[in-house]
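The values are calculated or read from the model by the stated rules, or taken from the named source; none is laboratory data. Since this is a predicted model, take the numbers as computed values, not measurements. Neighbour counts run over all protein chains shown; Cβ positions are idealised from the backbone, glycine included.
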Amino acid sequence: MDSGADPTLRAKDGRVPLCCAAGAGHFQVLSYLFKKEHNALSLMEDKSFLLDLMVCSKQHENKPIQEFILVSPAPIDTAVKLAKCYENLSQKEKDRTRDLEAACEYCDQIATDLLSIAATTNNAGRLLRAVDHKGTEFLDVLIELERKDVVAQHAVQQYLTNVWIGNMKWAGWKFIVLFFSFLICPLIWIVVSCPIGNRLSNKPIIKFMLYLVSHIFFIVILTFTTVNPWLPLYKNTGQWPHWHEWLLATFVLGVFLAELTNPADRDGLGGIKVVVVFVCFIAVMVHLMAIVSGLLSLFDEERRLVMLYIRNQLLAVALLLSFLEFLNFLTFHHLFGPWAVIIRDLIKDLLRFLAILGIFMVGFSLHVCAIYQPVFQPPDTINGTLPSVGQEFQSPVDTFEMLFYALFGLVEPDYMPPMHLSPPIAKVIMKLVFGVYMMVTVVVLINLLIAMMSNTYQRIQAQSDTEWKFGRAKLIRNMNLTSPTPSPINVFIGIPYMAYQKLERIRNERKGRVGLATAALAHRPSVVATKQWLQGQRRASRATSHMSRTLGPSMTDEGEAPKPITDVINWPSIVKKYLEFIGAIGVGGEEQDDKQDNTDAADDSNSQSNV
C-alpha cells in the first residue's frame with residue numbers, strides 16, 4: 001500500500017483486499033485497510049463480507065465492526081444500515097442467528113450513542129433532515145429500516161414533538177375543544193380542512209384531528225346506510241340511490257383518492273383501510289347491478305332485494321373493519337399505542353395456530369365421515385318409520401362444522417347425528433374418536449395458543465415504550481406528509497387544488513430554467529469584463545448581486561437546502577467524543593493502551609533512577 005497499490009482493486013474472484021482480510025480474520029490488516037480508500041455501501045451489500053466481519057468481530061470484541069462504522073464518512077448512517085443488513089441476514093442464516101442478532105444490536109447501540117452525542121453538540125433536527133446518497137432524509141431512513149431503538153432516543157422524540165405541534169403553544173384543553181367543535185359543527189371542520197387561505201391545517205396535529213373526524217363521519221354514514229329502521233329494504237323502489245347512499249359513495253371515493261395520494265403505513269393494521277375501500281367498492285358495484293336490474297326488469301323484485309341485502313352485508317363488514325381502524329388513530333397515545341402492536345402480533349400467533357388446527361380438523365373430519373358411512377341399505381321411505389335424519393350421509397363440510405363448534409363446547413357425544421344405517425359399534429368408535437379429538441385440540445392446541453399469546457404479550461409489554469415511540473414517529477412522519485384535506489372534501493377541493501399546485505410548480509420550474517439560462521448568458525466572463533470596463537466596478541458588483549437574486553436562495557444560502565449527512569455534522573469530532581465516551585481514548589485524545597504503556601515505562605525509569 002505504501003508503494004502505491006490500489007486497495008479497491010478486485011481479485012479474480014471479485015473480492016477486494018478488505019474482503020480477503022475479513023475472511024482470513026486478520027484484524028490488524030483489516031484495521032489498516034479501513035483507513036484506506038474503500039466503498040462502505042458496496043461492502044454492506046456483500047453477504048460474505050458481512051459474515052466474515054461478524055466472525056472477526058466476535059473474536060476481537062466487536063472492534064472490526066466498530067472501526068468499520070467510525071471510519072466511514074457518515075458513521076451513524078453506516079451504523080443503522082449495517083444493523084438492518086445483519087437483521088436481514090439473521091432471518092436467512094438460521095445457524096448464525098444469535099451472533100447476527102448480537103451484531104445488529106451492537107450497531108444499533110453505536111447509532112444511538114452517536115445520535116446522543118451529536119444532539120448535545122449540534123441541532124438534532126439538522127441531522128434528522130439530512131439526506132443520504134439516495135436523497136432520503138435520515139429520519140425516513142430510520143423509520144423505513146425500523147431502527148426502533150434509535151427512533152426512541154430522546155432527541156428524535158423531541159424533534160418529532162416539535163414537528164407534531166409546530167409553533168402552536170396551546171394548552172391541552174384547547175385542542176379538545178377544537179376537536180369537539182369539528183364533531184358538533186361540520187362547517188368548522190370543512191373550513192379548516194380547506195387548503196386555501198388557512199395555515200392551521202398544515203400542522204400534523206390538526207391534520208390528525210381532521211382525519212379522525214372524517215373517519216367518525218364515515219362510520220356514521222355506514223351505520224345509517226346498513227342499520228336504517230326508517231327505510232327498510234322492502235320500501236326501496238330501486239330507481240335511484242337515496243341521499244345517504246350518494247354521500248357514502250362520495251366518502252368511499254374520497255378515501256380511495258386519499259390512499260392514492262397520501263403516504264400510508266401498511267405494516268400491521270395499516271392495511272385495514274385498503275380492505276375497507278375494496279369491500280365498499282364491491283358493495284357499490286352490487287348496488288349498481290340492483291339499480292340496473294330494477295330499471296331494465298332483468299330480475300324479479302325479490303332477487304333485487306336480495307342483492308340490496310348482500311350490499312348491506314358487505315357494508316357491515318366494512319363497518320366492522322372501520323372500528324378496528326381506530327387502533328391506528330390511537331398510536332399517538334402512550335397507553336393504547338402498544339396495544340395495536342400487541343394485537344397485530346397476537347393475530348399472527350392466531351394464524352399460525354389456525355394452520356396447525358386446520359390440519360387436525362381436516363383429518364378428524366374425514367375420519368368422522370368414514371364413521372358415518374352408511375353400511376345397511378335404507379328401508380323404503382314410503383312405509384318406513386325411521387327418521388330421515390339418520391339415513392343421510394354426513395358430508396365433510398357438515399362434520400367440519402360440527403367439530404369446529406365442538407371446540408366451544410356446543411356439541412356433546414350423546415347429541416350427535418344418529419347412525420341408523422351403521423352397526424352398533426359405530427357409536428363406540430365415534431365416541432372414542434371424538435374424545436381423542438377433544439383431547440388433542442382443547443387440551444393441547446388451545447393451551448399452546450394461550451402460551452404463545454402470553455409470550456407475545458410479555459415480549460411486547462417489555463418493550464412497550466420503544467414500540468409506542470416508533471409507532472408515534474411513523475404517525476407524525478405520515479401526517480406531516482399527508483394532504484390536509486380529508487375525505488370527502490378532497491373530492492371537491494383537495495384534488496383540484498393539488499392539480500393546480502402541480503401545474504404551478506411545473507410552470508415555476510420552467511420559468512426558473514429560463515431565468516437560469518438568461519442569468520448564465522448575461523454573466524459570462526467576457527460580458528462581465530465588458531460591463532466592468534464600461535460601467536465600473538460598482539455597477540458590476542450590482543450585477544453580481546442581481547445574479548444571486550436571479551439564481552435563488554438555493555444557490556446562495558446553503559442552509560435552506562437539505563445537506564448531505566456526510567457534511568451536516570463534523571463527524572471526526574463526534575467520533576472522538578464517542579471514543580472518549582466508551583473509554584477507548586483519554587480526554588486528551590490519546591489511546592488508553594498507549595497511555596498506560598507510557599505510564600508503565602515512566603514508572604520503570606523512575607525506579608531505575610532511584611536505584
Q: Could you pull out every one of the helices (runs of 4 or more DSSP H) wholly within region 1-91 that has 2 or more residues that are of a type outside the set (D, E, K, R) and modelled with pLDDT of 85 or more?
A: 47-59, 63-70
Q | Test: Thr237 is over 31 Å from the mean Cα position of the chain (by Cα) and assigned to a helix (DSSP H, G or I) | A | no
Q.
Just checking, does region 126-140 include any residue being more than 20 Å from the chain's Cα centre (by Cα), farther than 30 Å from Leu89 by Cα and touching a residue at least 12 places away in the same chain (Cβ under 8 Å)?
A. yes
Q) If Lys92 satisfies every condition in (1) touching a residue at least 24 places away in the same chain (Cβ under 8 Å); (2) out of contact with any Pro (no Cβ under 7 Å at 6 or more places or on another chain) but one, which is the exception? A) (1)
Q | Residue check for Met430: assigned to a helix (DSSP H, G or I), surrounded by 12 or more Cβ atoms within 10 Å (Cβ to Cβ) and of a type outside the set (Phe, Trp, Tyr) | A | yes
Q) Do we have any residue at all in region 438-460 that's under 30 Å from Ala370 (Cβ atoms), among the polar types (S, T, N, Q) and assigned to a helix (DSSP H, G or I)? A) yes
Q: Among residues belonging to region 315-341 that are in contact with a Phe, Trp or Tyr (Cβ under 6 Å, 6 or more places away or on another chain) and assigned to a helix (DSSP H, G or I), point out the one that is farthest from Met209 (Cα to Cα).
A: Pro338
Q: Inspect region 259-274 for any residue being within 22 Å of Gly337 (Cα to Cα), without any contact (Cβ under 8 Å) to a residue 40 or more places away in the chain and buried (at least 18 other Cβ atoms within 10 Å of the Cβ) and give the result as yes or no.
A: no
(Q) Filter region 477-493 down to the residues that are crowded, with 24+ Cβ neighbours inside 10 Å and part of a helix (DSSP H, G or I) and list them by number. (A) Asn490
Q | Residue that is nearest to Thr97 (Cα to Cα), among those in region 41-55 that are of a type outside the set (Lys, Arg), out of contact with any Ser or Thr (no Cβ under 9 Å at 6 or more places or on another chain) and surrounded by fewer than 19 Cβ atoms within 10 Å (Cβ to Cβ) | A | Val55
Q: May I ask you to verify whether Ser214 is closer than 22 Å to Lys273 by Cβ and modelled with pLDDT under 90?
A: no
Q) Under 7 Å by Cβ, and 6 or more places apart or on different chains, what pairs join a residue from region 226-254 that is in the same structural domain as Leu315 (by TED's automatic domain parsing) with one that is at pLDDT below 80 and crowded, with 17+ Cβ neighbours inside 10 Å? A) Gly238/Gly294; Gln239/Gly294
Q: Would you point out the residue of region 217-245, among those that are within 26 Å of Leu324 (Cβ to Cβ) and of a type in the set (Phe, Trp, Tyr), that is modelled with the lowest pLDDT?
A: Phe224
Q: Test each condition in (1) assigned to a helix (DSSP H, G or I); (2) surrounded by 14 or more Cβ atoms within 10 Å (Cβ to Cβ) for Pro374 and report the one that comes out false.
A: (1)
Q.
For Val192, only one of the following conditions fails: (1) modelled with pLDDT under 90; (2) among the β-branched types (Val, Ile, Thr); (3) surrounded by fewer than 14 Cβ atoms within 10 Å (Cβ to Cβ). What is its number?
A. (3)
**Q.** Which numbered condition Val306 misses (of (1) surrounded by fewer than 19 Cβ atoms within 10 Å (Cβ to Cβ); (2) in contact (Cβ under 8 Å) with a residue 40 or more places away in the chain; (3) in a helix (DSSP H, G or I))
**A.** (2)
Q. Name the pairs whose Cβ atoms lie under 9 Å apart, with the first residue in region 29-56 and in the same structural domain as Val71 (by TED's automatic domain parsing) and of a type in the set (S, T, N, Q), the second part of a helix (DSSP H, G or I) and surrounded by fewer than 19 Cβ atoms within 10 Å (Cβ to Cβ), and 6 or more positions between them or separate chains?
A. Ser31/Lys63; Ser31/Glu67; Ser48/Gly23
Q. How many residues does region 56-83 hold that are within 13 Å of Leu100 (Cβ to Cβ), crowded, with 21+ Cβ neighbours inside 10 Å and not hydroxyl-bearing (Ser, Thr, Tyr)?
A. 3
